[in-house]
Structure formats: structure tokens, C-alpha cells
1. What residue among Cys49, Cys23, Ser66 has its Cα farthest toward the positive end of the dipole of the range 5-140, where the charges are +1 on Lys, Arg and -1 on Asp, Glu, each on the Cβ?
2. Only bridges whose two residues both fall in the chain count here: according to DSSP, what percent of them are antiparallel, nearest 5?
3. Once fully extended, how much extra length lies between Ala63 and Arg111, figured as 0.36 nm per residue of separation less the alpha-carbon to alpha-carbon distance?
4. May I ask which residue of Leu141, Val108, Thr39 lies farthest towards the positive end of the charge dipole of the chain, with charges of +1 (Lys, Arg) and -1 (Asp, Glu) on Cβ and the Cα centre as origin?
5. Could you work out [θ]222 nm for the chain from helices alone, using -39500 (n - 2.57) per DSSP H run of at least four and dividing by all its residues? Round to the nearest 500 deg cm²/dmol.
6. Run the reach check for Lys33 against lysines, Cα to Cα strictly under 16 Å, same-chain hits fewer than 8 apart removed. What comes back?
7. Figure the gain on full extension for Trp142 and Leu34 (residue separation times 0.36 nm, minus the Cα-Cα span) and round it to one decimal in nm.
8. First measure r as the distance between the Cβ atoms of Phe5 and Arg97, then evaluate 1/(1 + (r/R0)^6) with R0 = 22 Å and state the FRET efficiency to the nearest 0.05.
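Quick note: the coordinates plus some simple rules give every number you see, no bench work behind them. For clarity, every value in this text was computed on a predicted model and none was experimentally measured. Methodologically, a virtual Cβ is constructed for each residue, glycine included, from the backbone with ideal geometry; neighbour enumeration extends over all protein chains shown.
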Amino acid sequence: MSQPFWKTKQLSEMTEAEWESLCDGCGRCCLVKLEDEDTGKIHFTNLACKLLDLKTCRCGDYANRSKRVRDCVRLTPENVGELNWLPDSCAYRRLARGQTLAWWHPLVSGRKASVVEAGISVKGRIRSEEGIAEAELEDHLWKLPRAKKPAS
């Protein structure tokens, strides 16, 4: 039996379909983040990009996201290892670090729902950034929840 593509290929060797399938749909990368100017530490908020569909945790205009959101960053095999704001749970970041996919990732579990069940998805816990003044962002700081233990 052959190994899954994410165990045998480098990120740069993946097809577009394989690359896109690495996204687990958690929505964490689409949260508004603040960087501490003194330490460089990234702090997440409970506010999402205006394009994030809060029900599906998927971009509402994926094809045009970079045009519509000026600071939207397109992930590439070249930049994922350098983006310090990607959550530790992110499949792209994990693979770039030589780790494997987490047990709850849909490619491992075979189920999209496992991301929500594990507590990784931000679904139902966040709101849109629209209408929030920049001065209010610190009022929305949020600690990302850790994954729950797998069901036995």
C-alpha cells in the first residue's frame, strides 16, 4: 500500500489539488492578528477577515481574496515556513516543519467534521471584523483553543 502524498512529497512537489486539500478549513489563518512590537509575538483575536464565511470557515471569495483584502497573504511552498502568524495546528506549517498531519485533519480522519469535533475550527466562536475600529482590536484578543484528545 502506498503512502499518502503528504508523507512522500515536499510541499513544492504537490499538485494544486493536493496543495489545496491541505487546508483543513479551520479558519484560524483568517483571524485578525496583532503583533507585539517589542517581542514580535503574534496574538490572535476573535475577529475574522470580512471574506470569511462564519458558517463554513471558508473564504467567501477565494479566487479574488488578494484583490479584495489588501493584506491577504497567499500561501506558497516558499513562504509557509517563514510565516510566524500561521497557527501551529496549520497543515502547511506542520509539513514545512517536518511534522505530520494531526489526527483530526480531514485527510487523516477522512471526515471534514473532525476539525470541528477536535475544537480546532473557529466555527461558532468568532465574528466578522467589519464595524470594529482599529482602536478596539485589543478588546478582542483571544487564545486559540487546543485540540481535544481523539475519541477512543
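1. Farthest towards the positive pole: Cys23.
2. Expressed as a percentage, antiparallel bridges in the chain total about 80.
3. 14.8 nm
4. Farthest towards the positive pole: Val108.
5. Calculated at 222 nm, the ellipticity per residue is -3500 deg cm²/dmol.
6. Lys41, Lys50, Lys143
7. Roughly 37.8 nm would be gained on extension.
8. 0.80
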